[in-house]
Amino acid sequence: TGDEYGFMSFSASKEWLKLQYHTADNKWNFTENIADMKIGGVATKHCWYIPTDGSEGKAC
């Protein structure tokens, strides 16, 4: 259906905040029967560096 679940991760230094969005990679195969499900890995779909000085951020 295109609905996607994921989680955010944050890491920081004195100069930057790094924000990432992670979700299932394309190796997963979700099925109605859990015994038939294929487990995959994690894909990082979005990643941004946000500077602490207020200037414009950039993609990782």
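Laboratory data are not the source of any read-out in this text; all were calculated from the coordinates shown. The model shown is predicted, which means the values in this text are computed figures rather than measured ones. Heads up, the Cβs are rebuilt from the backbone with ideal geometry, glycines too, and the neighbour counts pull from every protein chain shown.
How much length is gained on full extension from T23 to D36, taking 0.36 nm per residue of separation minus their Cα-Cα distance? Before the final figure, lay out the partial values.
Details: separation 13, 0.36 × 13 = 4.68 nm, distance 2.03 nm.
Separation in residues times 0.36 nm, less the Cα-Cα distance, equals 2.7 nm.
Quick one: how many lysine pairs in the chain have C-alpha atoms under 17 angstrom apart, if they're 8 or more apart or on different chains?
Summing the qualifying lysine pairs gives 6.
About the Cα centre, and with charges only on the beta carbon of Lys, Arg (+1) and Asp, Glu (-1), how big is the dipole of the stretch 6-55? Nearest 20 debye, please.
Roughly 100 debye, rounded to the nearest 20.
Expressed in whole Å with the largest first, what are the equivalent ellipsoid semi-axes of the chain derived from the C-alpha gyration tensor as the square root of 5 times each eigenvalue?
Details: eigenvalues 220, 20, 12 Å².
They are 33, 10, 8 Å, listed from largest to smallest.
Just flag the chymotrypsin sites (Phe, Trp or Tyr not before Pro) in the chain sitting in loop per DSSP whose Cβ has no more than 12 other Cβ atoms within 10 Å. Mind showing how you got there, number by number?
Working: sites: Y5, F7, F10, W16, Y21, W28, F30, W48, Y49; in loops: Y5, W28, F30.
Those that pass, being in a loop and sparsely packed, are Y5, F30.
Going by amide H atoms built from the backbone, whose H comes under 5 Å of the H on H46, apart from near neighbours?
Y21
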